[in-house]
1. Going through region 55-72 one residue at a time, which ones are of a type outside the set (D, E, K, R) and not in a strand (DSSP E or B)?
2. Tell me which residues, restricted to region 63-81, are exposed (fewer than 15 other Cβ atoms within 10 Å of the Cβ) and either within 22 Å of Ser133 (Cβ to Cβ) or under 19 Å from the mean Cα position of the chain (by Cα) (or both).
3. If I filter region 1-21 down to residues being outside any loop (DSSP other than H, G, I, E, B) and farther than 14 Å from Gly33 by Cα, which single residue comes out as modelled with the lowest pLDDT?
4. State the number of residues belonging to region 99-128 that are in contact with a Phe, Trp or Tyr (Cβ under 9 Å, 6 or more places away or on another chain) and among the polar types (S, T, N, Q).
5. Could you count how many residues in region 55-98 are basic (Lys, Arg) and touching a Lys or Arg at 6+ places or on another chain (Cβ under 6 Å)?
6. Residue pairs, Cβ under 6 Å, 6 or more apart or interchain, first in region 15-31 and surrounded by 12 or more Cβ atoms within 10 Å (Cβ to Cβ), second aromatic (Phe, Trp, Tyr). List them.
7. All but one of (1) modelled with pLDDT of 95 or more; (2) more than 25 Å from the chain's Cα centre (by Cα) hold for Ala97; state the number of the condition that does not hold.
8. Mind listing whichever residues of region 82-120 are in a loop (DSSP other than H, G, I, E, B) and surrounded by 15 or more Cβ atoms within 10 Å (Cβ to Cβ)?
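The values are calculated or read from the model by the stated rules, or taken from the named source; none is laboratory data. Keep in mind the model is a prediction, meaning the values are calculated, not measured. Reconstructed Cβ throughout: ideal geometry from the backbone, glycine too, with neighbour counts over all protein chains shown.
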Amino acid sequence: MPDQYAVPLDRTTHAKLTLLADAWDASPSEAVGRLIEHFWNSPAAPPTPDPAPDGPVAVHALYEGRRISGYFDPASRSLTIPEGPGAGHHRTPSGAASAVLHALKPGIRTNRNGWSFWTVDATGQPLQSLRPSS
């Protein structure tokens, strides 16, 4: 019989461990072992994100088969659409997205999350990938 050690757990942690073990169809001891193996085999620290760009970032949106180009300014968090639907300088990416929608489909609700509406040209990732964490 292997050595057994007792680890005191508060009620909440015990309940979470039991739930996790049930989900994995494992004993609580096996669940702890899997968590430790996962931690042990994970990188020591998560990769650091690339620093925020210094100047304007080329972005675009695809809506109703149209590509609308713009430039996001990381310093002011504003977005400029140089031409086409929604053209102009907008204080926020969401404001720019709303302007595009209003220009292309005036009758619809134009509320959109601009951080997911716009795509960074260089990476193909949503603008959210450049959003400051603060």
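1. Those that are of a type outside the set (D, E, K, R) and not in a strand (DSSP E or B): Gly55, Pro56, Gly65.
2. Hits for region 63-81 are Asp73, Ala75, Ser76.
3. Leu19
4. 1
5. Within region 55-98, residues that are basic (Lys, Arg) and touching a Lys or Arg at 6+ places or on another chain (Cβ under 6 Å) number 0.
6. Ala31/Trp24
7. Of the numbered conditions (1) modelled with pLDDT of 95 or more; (2) more than 25 Å from the chain's Cα centre (by Cα), the odd one out for Ala97 is (2).
8. Of everything in region 82-120, those that are in a loop (DSSP other than H, G, I, E, B) and surrounded by 15 or more Cβ atoms within 10 Å (Cβ to Cβ) turn out to be Pro85, Gly86, Ala87, Thr110, Arg112, Trp118.
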